[in-house]
Amino acid sequence: MLPNTQRYDLTYLWTKPPCVKPKYAEIDNNTIYDVIRKNPKFSKTLQLVEKARLKNILADYSNLIGYTMFITEDQNIPDSFMKEADLFTAETLLNSYLVVGVADRELLLSNGSSVYTPRKYKDENPILAIVPEGTSDIYINKVGKIIGEIRAVNGVVHVMDNIAQVVYIN
């Protein structure tokens with residue numbers, strides 16, 4: 001359980017598949033939204049982005065600061081979650097894995113284990129990047145291992161082998 005989770009609870013509903021490092025190409029002149037839209041492995045994430053009304057933010061070329069987004073492939077998102085996901089669920093999940101500013105792999109490794117602030121829900125749900133000593137592995141929120149990185153004109157997308165569903169608790 002993460003610190004400051006009195007309002008949010010990470011529910012580990014999704015299982016980790018065998019870790020195979022896919023080769024993701026760097027897609028130049030595309031926004032984060034374009035990267036997600038053009039890759040068939042992210043069709044569920046695309047549905048969540050559109051449901052959460054984040055398309056304009058992720059498609060913005062003019063953002064000088066950029067974004068870092070942590071996502072997973074479709075195979076790791078259950079169909080049952082997709083059927084039940086409403087606007088609030090999609091918005092909470094995606095904003096909990098979206099950081100203002102660009103943190104590429106090199107930065108994450110050079111900072112070591114660190115806490116990053118998501119775009120929304122800053123106090124309730126920090127993003128923990130954990131780099132085990134002596135490795136070049138990066139784990140996010142103790143659940144997902146980064147298996148790929150895709151650069152975009154307005155930031156970077158980190159592909160993880162798993163993510164935790166963020167559940168709002170009143």
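Check Val100 against each of (1) within 23 Å of Val35 (Cβ to Cβ); (2) open to solvent by less than 30 Å² (accessible area, probe 1.4 Å) and name the one condition it does not meet. Tallying (1) within 23 Å of Val35 (Cβ to Cβ); (2) open to solvent by less than 30 Å² (accessible area, probe 1.4 Å), Val100 fails exactly one: (2). Considered as a group, the residues in region 118-157 that are acidic (Asp, Glu) and surrounded by fewer than 17 Cβ atoms within 10 Å (Cβ to Cβ) include one that is nearest to Thr31 (Cα to Cα), and that residue is Asp137. Kindly evaluate Val115 against the criterion of being among the aliphatic types (A, V, I, L, M) and either closer than 25 Å to Asn30 by Cβ or open to solvent by less than 30 Å² (accessible area, probe 1.4 Å) (or both). Considered against the rule, which asks whether it is among the aliphatic types (A, V, I, L, M) and either closer than 25 Å to Asn30 by Cβ or open to solvent by less than 30 Å² (accessible area, probe 1.4 Å) (or both), Val115 comes out as no.
Pick from Leu46, Leu10, Leu58, Leu54: which is among the aliphatic types (A, V, I, L, M), buried (at least 17 other Cβ atoms within 10 Å of the Cβ) and at pLDDT below 50?
Leu10
The values are calculated or read from the model by the stated rules, or taken from the named source; none is laboratory data. This one's a predicted model, so the numbers in the text were calculated from it and none came from an experiment. FYI the Cβ positions are ideal-geometry reconstructions off the backbone, even for glycines, and counts take in every protein chain you see. These area figures cover heavy atoms from the full protein model, side chains too; ligands, DNA and RNA do not enter into them. Shrake-Rupley method; radii C 1.70, N 1.55, O 1.52, S 1.80 Å.
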